[in-house]
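Take a look at the structure below.
The values are calculated or read from the model by the stated rules, or taken from the named source; none is laboratory data. Computed from a predicted model, the values in this text were never measured in an experiment. Cβ placement follows ideal geometry from the backbone for every residue including glycine, while neighbour counts extend to all protein chains displayed.
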């Protein structure tokens, strides 16, 4: 399943790092962060709860970029 | 300007003013330090906090950390040495100013691109028993009747059931001439209703309508990354750690060597140079400018009705060396028309009248084009005893005459004085009472812009143009000669087209891309086979949008060279940005190591370069109209 979320982040490099971080989260099959459209596209693995996975994705991204925002709730 | 931008702008101004004022206040030592800490903290507090957080999360190599280390380092050198606090503040100030510019420029470009794609309708007027109701287009079901008033955007694809109007399709096609629609015509979402009120019965859901598909396509485009974008991401990942480690080495190794040789370590000087390195080490100019250039290029193309599905295709298109065309519907209009009437013993009108009369009950495309040309000039005489001769034509009795209309075989059997014509296209011969009286040529009309389009392609650097067609050799050769194509392959089956395209790709030079242009009907496999598949006239054709890499919203072949031009310009700008950013940084690193560049120059190498690169990327949004 694929979902797109709006994000807020300041720099392009940070967006690239968020993408890297999100890909490593369990339950995420693939992820692309588009800095220009400020959107994060997440593909979930089968059998994972999307809200829970996104909680983890958000935490992982916050570690890298403390003031990023992902609108997933 | 966003709230954050406003706040940061105020911070920049306040701390810059304070810094300048404080330079003239004559206090010394710790008082001076405390005083200069005020503007430093105003401008840099968020950076320092972020840097600390980065260290806690074991993510130290971000730019905040680098800026913090560099400015704190400069502060320490100032405290222990010359007392020049201005530099640390100035570096922070410059950095914040650059960030501000970047955020402003990116925001602006984001907005101008989304304005460009501002074709999304907000609501649909659904007709209900008690009047019209504004509804979210997503909730409208297939078969619903919606009303579109003058000036409103069509929200969902459908068919006009009443009313007529002029539609402005410019948001979709870049074409400024409005299109007229009447009852029974299909309309696509995204067009603006110019004058009258239209009642439309929807034929699709909102999410399957043209507008939604286009928006999805453009938004996804920047997710398909080009080779250059991946290169930059990889480069950035290596670049920052390498520069930081070199800075560390620069701070330790030369002083030790100098200590051994002369007994003087010059710690302050070398640490200062190392700090300069740190300032230059941020890769942001690169990381932002390359995707931004592609994004702007795709946006600029979209403005002209050229939808490019990804940065990778834009990159590939710029390398196009061969363009293969499908004939029918691509270079020609795909509608058969009477192009020549050649009487031989009758008048032109008589010939057309007899042919049209004999064919009047037939539904064959040839019959239709004859009738269309005749266009009800007068009433057609009745045709009696009409019989079709399979594979040859039609015979009929009109008035007292026995008329045969058909191909050369029919003439050989039925007519005296028959001379076969060497004209290209489909030739229809006519005889009256066994006497040949002339022929009518029916052919597919070449688009007005086709010849010009091919010339333009050559100008943009395309080496070879090829036409593939299922048509007869005669018709194909004639069209090719008229248009000035390099190669023609005719009488092909769809699978031949795929095979030939494969062969052309194999034979074409390395690093050169092969483009196939088709109208999306029957040529989906070829569109996929070619390096770049361009589908034209794709308004509403799902298969074409699916199979191709680039979609031309209207069917003007001139747009192909426009698209190639856009891609070349975009790649040029991307290359400029890559080399400019890396070049300036490399020069500043060398100058910094040698002690010629101070931190001011380093900040320019970081944010100055970034702002210039962003501005350069924005040039992609400006496209010359032809």
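Values as computed for the structure displayed
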{"item": "Residues satisfying the stated conditions in the range B:36-88, i.e. on the phi > 0 side of the Ramachandran plot and within 12 Å of another protein chain (Cβ to nearest Cβ)", "result": "B:58"}
{"item": "From B:187, B:91, residue being at pLDDT 80 or above, over 22 Å from the mean Cα position of the chain (by Cα) and under 30 Å from residue A:12 (Cα atoms)", "result": "B:91"}
{"item": "Breaking point among (1) touching a helix residue (DSSP H, G or I) at 6+ places or on another chain (Cβ under 8 Å); (2) in a loop (DSSP other than H, G, I, E, B); (3) under 30 Å from residue B:323 (Cβ atoms), for residue B:448", "result": "(1)"}
{"item": "Selection from the range A:19-53 of residues that are under 14 Å from residue A:71 (Cα atoms) and in contact with a strand residue (DSSP E or B) (Cβ under 7 Å, 6 or more places away or on another chain)", "result": "A:33, A:38, A:39, A:40, A:41, A:42, A:50, A:53"}
{"item": "Hits in the range B:476-491 (condition: outside any helix (DSSP H, G or I), within 21 Å of residue B:426 (Cα to Cα) and in contact with a strand residue (DSSP E or B) (Cβ under 6 Å, 6 or more places away or on another chain))", "result": "B:488, B:489"}
{"item": "Filter pass, residue B:255 being closer than 30 Å to residue B:190 by Cβ and assigned to a helix (DSSP H, G or I)", "result": "no"}
{"item": "Hey, residue A:54 under 10 Å from the mean Cα position of the chain (by Cα) and closer than 23 Å to residue B:110 by Cβ or not", "result": "no"}
{"item": "Residue that is farthest from residue B:563 (Cα to Cα), among those in the range B:263-305 that are away from every other protein chain (no Cβ under 14 Å) and under 16 Å from the mean Cα position of the chain (by Cα)", "result": "B:303"}
{"item": "Selected residue (criterion: surrounded by the most Cβ atoms within 10 Å (Cβ to Cβ)) from residues of the range B:231-242 that are more than 10 Å from chain A (Cβ to nearest Cβ) and within 22 Å of residue B:277 (Cβ to Cβ)", "result": "B:239"}
{"item": "Residue count for the range B:308-317, restricted to those that are more than 13 Å from chain A (Cβ to nearest Cβ) and buried (at least 24 other Cβ atoms within 10 Å of the Cβ)", "result": "4"}
{"item": "Selected residue (only one of B:341, B:394, B:324 is over 30 Å from residue B:563 (Cβ atoms), in contact with a strand residue (DSSP E or B) (Cβ under 9 Å, 6 or more places away or on another chain) and buried (at least 21 other Cβ atoms within 10 Å of the Cβ))", "result": "B:394"}
{"item": "Restricting the range B:161-182 to residues that are closer than 21 Å to residue B:213 by Cα and touching a strand residue (DSSP E or B) at 6+ places or on another chain (Cβ under 6 Å), the residue that is surrounded by the fewest Cβ atoms within 10 Å (Cβ to Cβ)", "result": "B:168"}
{"item": "Qualifying residue in the range B:213-230 (condition: closer than 22 Å to residue B:178 by Cβ, crowded, with 17+ Cβ neighbours inside 10 Å and more than 10 Å from every other protein chain (Cβ to nearest Cβ))", "result": "yes"}
